[in-house]
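J.: Sharing a structure below in structure tokens format, with a few things to ask.
The values are calculated or read from the model by the stated rules, or taken from the named source; none is laboratory data. On a predicted model such as this, the values are computed, not experimentally measured, just so you know. Quick reminder, even Gly has a Cβ in these numbers, built from the backbone with ideal geometry, and neighbours come from all protein chains shown.
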Amino acid sequence: MGMKRIVMAGAGLAMLTGVAHAEHYSWYISGGAGGNWMQDVDTNINSASQTTELSPGWAGALAGGYNFDGARIELELGYRDNDADSLEQPSGTFLDNLEGDVTQFSQMVNVLFDLPVTDKLAVTIGGGLGGVDVDGDYTLTTVGTSVRMDDYAFAYQAIAGASYDVTEQLELFAEYRYFVANDVEAVGYAAGGAALPGPDETDLKSHTGLIGVRYYLTPPAAPAPVAEPAVVPPAEPALAKTFIVFFDFNKSNLTAEAQTVVAEAAEVFKAGGNIVLVVGHTDTVGSAGYNQKLSERRAANVKAEMVRLGVPADVITTEGRGFAEPLVPTGPGVKEPQNRRAVIDIK
């Protein structure tokens, strides 16, 4: 996978993760060790193709870099060492009497993205570019011929792994690297030490597994305090500004219950009222003229009671509507109690 694809994929995934975490910007150092498995090395020396198999070896890496809150850039120094195991000749014959090793000392600039899975666990993807100093020398002991690699080559790697926070500044990591040393020169030598014709260039491909620790020089930023929501006291219930006083049949005097309602209306006015309108009503028993006068008396008696309770007379207006506006619609001659009323509106 090319570096451009690695960076683009890492940036996209980093934007999509939604696990909450404290912001972390810090320099860090890390170190890890593990195993290294080299793929077979194909060379063509002295017009003869041959494949060298190498035994599993070991690897180590030291790095220092800066964490941009999940996106990291680092300088890594790595070392890999694998012993030569056997040589496959063009005829298909395997020769096991092979001695020597291949070492690789790499200097890489890596770009990595840590994608949080939980508040402590993250997965890592990334890649790196750089150079590698290759030193390889292995000899067929039975005939004395050898292959030597002494070259500095371009190198690249793809990285995947996971990390776990032990503390705010210390984390454990496990990582896999696919590492390629590109176009390394391989030279063959005869038993007497003379160079054979046809130096070849070959890629050295390695699969590296590392386990290590990473230490951040500064801890993550403390999360911003969450403001407690303001406690809004419940709104006071709005005071009633319309009151209804009911009367007995063909009466305009105030009952005890009616006096209680008028007293409540007077208190509401004193708490902030400006004007009062009292409208009297009747049921449909009797003539229109008689009921008009009865409704006016009812309104007047309510006004008189409010004045007695301390409401200024000049702010109270009274009206009579007879049976023109019943609360409960009825036909003529119906003694409907809810229509025998006076309505007090305070503004």
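J.: Between a first residue in segment 153-170 that is buried (at least 18 other Cβ atoms within 10 Å of the Cβ) and of a type outside the set (A, V, I, L, M) and a second residue that is outside any strand (DSSP E or B) and at pLDDT below 95, which pairs have beta carbons less than 6 Å apart while being 6 or more apart in sequence or on different chains?
T.: Taking only residues 6 or more apart or on different chains, the pairs are D165/K120.
J.: Right, another one. So for segment 314-325 (the condition being outside any helix (DSSP H, G or I), touching a helix residue (DSSP H, G or I) at 6+ places or on another chain (Cβ under 8 Å), modelled with pLDDT under 90 and surrounded by 13 or more Cβ atoms within 10 Å (Cβ to Cβ)), does at least one residue qualify?
T.: No, segment 314-325 contains no residue that is outside any helix (DSSP H, G or I), touching a helix residue (DSSP H, G or I) at 6+ places or on another chain (Cβ under 8 Å), modelled with pLDDT under 90 and surrounded by 13 or more Cβ atoms within 10 Å (Cβ to Cβ).
J.: Give segment 20-53 a look and list any residue that's among the polar types (S, T, N, Q) and either under 30 Å from P197 (Cα atoms) or outside any strand (DSSP E or B) (or both), or say none.
T.: Result: Q39, T43, N44, N46, S47, S49, Q50, T51, T52.
J.: Cβ-Cβ distance below 6 Å, separation of 6 or more or different chains: which pairs start in segment 45-58 with a residue that is not assigned by TED's automatic domain parsing to the domain that holds N82 and end on one that is among the acidic types (D, E) and surrounded by 14 or more Cβ atoms within 10 Å (Cβ to Cβ)?
T.: Every condition considered, no pair remains.
J.: Of (1) in contact with a strand residue (DSSP E or B) (Cβ under 9 Å, 6 or more places away or on another chain); (2) farther than 23 Å from N182 by Cβ, Q50 satisfies all except one. Which?
T.: (2) is the only condition that Q50 fails.
J.: So if I check each of D119, D83, which one is touching a residue at least 12 places away in the same chain (Cβ under 8 Å) and either assigned to a strand (DSSP E or B) or not assigned by TED's automatic domain parsing to the domain that holds V143 (or both)?
T.: Sole residue among the options that is touching a residue at least 12 places away in the same chain (Cβ under 8 Å) and either assigned to a strand (DSSP E or B) or not assigned by TED's automatic domain parsing to the domain that holds V143 (or both): D83.
J.: Could you list all residues from segment 238-266 that are over 60 Å from the mean Cα position of the chain (by Cα), among the hydroxyl-bearing types (S, T, Y) and surrounded by fewer than 16 Cβ atoms within 10 Å (Cβ to Cβ)?
T.: Residues satisfying the conditions are T255, T260.
J.: Considering only segment 148-155, I want to know if a residue exists there that is closer than 17 Å to E74 by Cβ, acidic (D, E) and in the same structural domain as Y28 (by TED's automatic domain parsing).
T.: No, the conditions are met nowhere in segment 148-155.
J.: Considering only segment 326-347, how many residues are exposed (fewer than 12 other Cβ atoms within 10 Å of the Cβ) and farther than 19 Å from V261 by Cβ?
T.: Summing the residues that are exposed (fewer than 12 other Cβ atoms within 10 Å of the Cβ) and farther than 19 Å from V261 by Cβ in segment 326-347 gives 4.
J.: While we're on this one: Among (1) modelled with pLDDT of 90 or more; (2) touching a helix residue (DSSP H, G or I) at 6+ places or on another chain (Cβ under 8 Å), where does K241 come up short?
T.: (1)
J.: I would also like to ask the following. Residues to consider are A153, A122; find the one that is out of contact with any Ser or Thr (no Cβ under 9 Å at 6 or more places or on another chain) and either under 21 Å from Y66 (Cβ atoms) or modelled with pLDDT of 95 or more (or both).
T.: Answer to the selection: A153.
J.: Considering only residues of segment 267-309 that are among the polar types (S, T, N, Q) and within 15 Å of V245 (Cβ to Cβ), which is surrounded by the most Cβ atoms within 10 Å (Cβ to Cβ)?
T.: Only one residue tops the list, namely T282.
J.: Looking at segment 254-273, is at least one residue among the aliphatic types (A, V, I, L, M) and in a loop (DSSP other than H, G, I, E, B)?
T.: Yes, some residue in segment 254-273 is among the aliphatic types (A, V, I, L, M) and in a loop (DSSP other than H, G, I, E, B).
J.: Identify, by number, the condition in (1) within 30 Å of I73 (Cα to Cα); (2) of a type in the set (V, I, T); (3) assigned to a loop (DSSP other than H, G, I, E, B) that I211 doesn't meet.
T.: Result: I211 fails condition (3) only.
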